[in-house]
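Colleague: Dumping the structure here so I can ask a few things about it.
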Amino acid sequence: MNMPRKHSGQALIETAITIPVLLTLLLSFLLAMVVAQAYVDVDTATSLAAAAAVAAPADNDALSSEFAQKTYGGTLRRSSYLEPGSLDNCGGYTAGGTVTCTGHATVFLSRTPMAILQPLDSNWHVDIQATATGYSSFYRSK
Amino acid sequence: MPVGPHQGGQSIVEFAFTIGAFLLVLFGALSTALYAVQRSAAVTAAAAGVRAAASAQSDSASDVDLAAAGPLVSSRLEPVLFGSTLERKPAGTPCDPLDSIPTGHLEVCATLDPADASMVLVVVRGRPFNLLPLVPLPWTIDAPAEFHKVTFQR
């Protein structure tokens, strides 16, 4: 018995719908993972920067800021897909006080496995920011 | 209407394609999730390790304690190694290049930053086992963390 023409076309359409949907799902998982990992990196670097800021002597804004900037940049600069941006409000505290830093970075998806989608947007990137607070001790860094 | 031999075979082929693609997505997502767990642990372990390594030694307030990083990183990372091994490099010894590290092996190393001796660098680097070889994704980990030296003086 020959296959009716209607059924033959139906199979093709089903496959044409199913495969792209499943591939989109897989790429979505990968994209979510890449962005989540980038956020973990930025959050960790910002936390370290806040801790470094309060490891400098108290009442020395310049040194505190330098400790934080070097820590933030040093932690992120080796990343192949993440470029560190500014680190705001990070540095300067009085003994027993706190420092709250906000770190910015950009994820360049063209440098990740998501590059296979690059033809859609050659400048595809995601901006990420994270905030962390460092708590200083009364008994350190006179 | 009875199904002819052509249509029966066609259904099997369609089912094979669909279930194959579905399993690929399912295992790909699982593999991605497991890798994300391992990499997140490596990043946070390196951060914890660098804070310990950047602190002063108990018997020398002006020297950093690079050897403190290894045990701390190991304790954080071992629960999520899933069969991979973790090697602690001696204090001050840099990690091997990623290309020369075999699959199933990770390294942790604590050094001073070669570009800036006031900074301590801890790196967790390697190639964990791909737990779902059905989806051969090239998972690698290269998680650095830097921290400014924390030393003391009288």
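Colleague: Helix-only mean residue ellipticity at 222 nm, chain A, DSSP H runs n ≥ 4 weighted -39,500 (n - 2.57), per residue, nearest 500. What is it?
Modeller: Values: 2 runs with 65 residues, N = 142.
-16500 deg cm²/dmol, from helical runs alone.
Colleague: Give me A:GLU66, B:GLU78, B:GLU146 ranked fewest to most by other Cβ atoms within 10 Å of their Cβ, as a rough exposure proxy.
Modeller: Values: A:GLU66 17, B:GLU78 13, B:GLU146 28.
Sorted ascending by nearby Cβ count, the order is B:GLU78, A:GLU66, B:GLU146.
Colleague: Right, next: How would B:ARG88, B:ARG51 line up from fewest to most surrounding beta-carbon atoms within 10 angstrom?
Modeller: Working: B:ARG88 16, B:ARG51 22.
Ascending number of Cβ neighbours within 10 Å: B:ARG88, B:ARG51.
Colleague: Do you know the relative contact order of region B:1-137, to the nearest whole percent, from alpha carbon pairs under 8 angstrom that are 6+ apart?
Modeller: 22 percent
Colleague: In square nanometres and to one decimal, what's the mean projected area of the convex hull around the Cα atoms of region A:5-135?
Modeller: Values: hull surface 37.3 nm².
The directionally averaged projection comes out at 9.3 nm².
Colleague: Ok, one more. Per DSSP H run of n ≥ 4, the term is -39500 (n - 2.57); total these for chain B, divide by its residue number, and report the mean residue ellipticity at 222 nm rounded to 500 deg cm²/dmol.
Modeller: Numbers: 2 runs with 58 residues, N = 154.
For chain B, the value works out to -13500 deg cm²/dmol.
Colleague: Please report the equivalent ellipsoid semi-axes of the protein assembly as shown, computed as sqrt(5 x eigenvalue) of the Cα gyration tensor, largest first, in whole Å. Can you show the working numbers first?
Modeller: On the way: eigenvalues 493, 89, 35 Å².
So the three semi-axes of the protein assembly as shown are 50, 21, 13 Å.
Colleague: If we count every other residue with Cβ under 15 angstrom of B:PRO94's Cβ, Lys/Arg +1 and Asp/Glu -1, where does the sum land? Let's see the in-between values first.
Modeller: Details: positive: A:ARG78, B:ARG88, B:LYS89, B:ARG125; negative: B:GLU87, B:ASP96, B:ASP99, B:GLU107, B:ASP113, B:ASP116, B:ASP142, B:GLU146.
Neighbourhood net charge equals -4.
Colleague: Now, a different point. Rounded to whole Å, give me the distance from the Cα center of region A:72-139 to that of region A:23-64.
Modeller: Value for the Cα centre distance between the two parts: 5 Å.
Colleague: How big is the Rg/Rh ratio for region B:5-148, C-alpha atoms only, Rh by Kirkwood, two decimals? The partial results should precede the final answer.
Modeller: Details: Rg = 20.9 Å, Rh = 17.0 Å.
Taking Rg over the Kirkwood Rh, I get 1.23.
Colleague: Given contacts defined as C-alpha pairs under 8 Å and at least six residues apart, what's the relative contact order of region A:12-107, whole-number percent?
Modeller: On the way: 136 pairs, mean separation 25.7, N = 96.
Worked out over region A:12-107, it gives 27 percent.
Bear in mind that the values in this text are calculations on the coordinates, not laboratory data. The structure displayed is predicted, hence computed values, not measured ones. Note that each Cβ is placed from the backbone with ideal geometry, even for glycine, and that neighbours are counted across all protein chains shown.
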